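What follows is a set of notes on a single structure, which appears directly below.
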Amino acid sequence: MKRWKCVCAYDGTSFTGWQSQPSHDSVQDIIEAALARILKADVRIHGSGRTDAGVHAMAQVFHFDSDWKHGGRKLTAALGAQLPLSIRIQSTCLVDKEFHARYSALAKRYHYRIFLGQADPFETRYCLSIPYQLNVQVMRSAGDFLLGGHDFSAFSAENGADPDKGHPVKDFRAFQLSGRGKRLRVSFEASGFLYKMVRSLTGALLRVGQGKLSPEEFRSILNSRTRTKDVVTAGPRGLFLEKVYYN
């Protein structure tokens with residue numbers, strides 16, 4: 001069998017996240033069902049990582065093995081005809097059998113879109129609406145403490161299975177907070193992320209922006225490797241998996 005690598009984008013609003021669920025309404029479930037109709041066989045796909053319900057992806061990567069003989073363009077077109085408009089396959093190509101969407105990834109980039117106030121109905125599912133003002137400068141100061149190698153246990157999920165729990169040290173490559181007016185974008189790039197780590201980091205940074213937590217206290221929480229009540233998990237709306245990096 002040959003190994004295929006696909007890059008896909010999806011609006012996560014109506015799905016129970018990426019990972020397969022008993023209810024069969026995750027992004028993975030929908031793509032696998034489409035592939036089964038095309039290939040006339042059950043296929044298991046392997047993603048670069050999971051996204052929560054309501055989280056979007058601009059470039060999620062997955063792979064699967066198949067004897068499909070008609071090339072990547074035709075497979076992309078066939079999937080486009082089978083998938084809902086909320087899921088699009090952007091590219092499909094053959095890769096070496098050693099490639100793995102998750103384990104071959106070198107880094108990932110996520111970003112949050114934040115709206116200060118109440119967003120209108122046409123963008124509310126694509127941004128996190130915040131009903132208060134934020135001190136962007138102190139948030140940037142706190143975010144700078146993330147750069148470099150750290151144990152991010154303090155920002156891991158409070159509960160739930162995390163396959164990466166035993167490897168909490170990540171190399172944080174970039175943090176950016178940009179925007180103007182009512183719209184902000186917070187970007188995170190690292191060698192990997194623990195389960196709900198981006199949402200937990202964002203929740204804590206929002207507390208910094210509100211003045212409920214100082215940048216130094218934020219750094220102390222990071223260094224403590226212990227989650228506290230000041231680490232609040234931000235909502236999933238407005239969070240995007242932007243890019244997965246490979247060699």
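About the Cα centre of the chain, how large is the charge dipole given +1 on each Lys and Arg Cβ and -1 on each Asp and Glu Cβ? Please answer in debye to the nearest 20.
440
Provide the FRET efficiency to the nearest 0.05 for the Ser224-Arg125 pair, computing r from the beta carbons and using R0 = 22 Å.
0.05
Please name which of Ala142, Tyr126, Ser191 has its Cα lying farthest along the dipole of region 107-245 towards the positive end, using unit charges on Cβ (Lys, Arg +1; Asp, Glu -1) and the Cα centre as origin.
The listed residue farthest towards the positive side: Tyr126.
With both partners inside the chain, how many of the DSSP beta bridges are antiparallel, as a percent to the nearest 5?
Around 90 percent of the beta bridges assigned by DSSP in the chain are antiparallel ones.
Return the single residue from His56, His111, His70 with maximal mean-square fluctuation; model: Gaussian network over the chain, springs between Cα atoms under 10 Å.
Comparing His56, His111, His70 in a Gaussian network model of the chain, the most mobile one is His70.
Just need the relative contact order of region 62-126 here, percent rounded to a whole number, with Cα pairs under 8 Å and 6+ apart.
30
Say the cut-off is 23 Å between C-alpha atoms; which of Lys40/Lys69; Lys69/Lys243; Lys5/Lys74 go over it?
Flagged as over cut-off: Lys69/Lys243.
Straight-line reach from Lys229: which aspartates and glutamates fall under 13 Å, measuring Cα to Cα and dropping same-chain residues less than 8 apart?
Glu158, Glu217
Using a cut-off of 13 Å between beta-carbons, work out the net charge of the residues near Gln21 (Lys and Arg +1, Asp and Glu -1, Gln21 not included).
-3
Remind me, relative contact order of region 2-95 in percent, using alpha carbon pairs under 8 angstrom and six or more residues apart?
Across region 2-95, relative contact order equals 45 percent.
Between Ala174 and residues 5 or more places away or on another chain, which pairs have amide H atoms under 5 Å apart, with H built 1.01 Å from N, and which residues are they?
Correct list: Glu189.
Considering only Gln28, Gln60, Gln82, give the residue with the highest GNM mean-square fluctuation for the chain, with springs between Cα atoms whenever their separation is below 10 Å.
The residue with the greatest mean-square fluctuation here is Gln82.
So who's got an amide H within less than 5 Å of the one on Gly192, skipping anything under 5 residues away but keeping other chains? H placed 1.01 Å off N, in plane.
Here the answer is Lys108, Asp171, since their amide H atoms fall under 5 Å of that of Gly192.
Cα extents of region 174-244 along the three principal axes, largest first, in whole Å?
30, 29, 21
If we count trypsin sites (Lys or Arg not before Pro) as exposed when they sit in a DSSP loop and have at most 15 other beta carbons within 10 Å, what is the longest stretch of the chain that avoids them all?
98-164
If you work out Cα extents along the principal axes in Å from the coordinates, which of [x] 60, 44, 30; [y] 52, 46, 34; [z] 58, 40, 31 do you get?
Calculated Cα extents along the principal axes in Å: the matching label is [z].
Take region 106-247, drop everything but the C-alpha atoms, weight them equally and run the Debye formula without solvent; then report log10 I(q)/I(0) at 0.12, 0.16, 0.20 Å⁻¹ to two decimals.
Log10 I(q)/I(0), no solvent term: -0.44, -0.80, -1.26.
Round to a whole angstrom and tell me the spacing of the C-alpha centers of region 12-55 and region 59-110.
Each part's Cα centre sits 13 Å from the other's.
Readers should treat all values here as calculations from the given coordinates under stated rules, not as data from a laboratory. What you see is a predicted model, and the numbers here were worked out from it, not measured in a lab. When we count neighbours, we look across all protein chains shown, and the Cβ atoms used for this are built from the backbone with ideal geometry, even at glycine.
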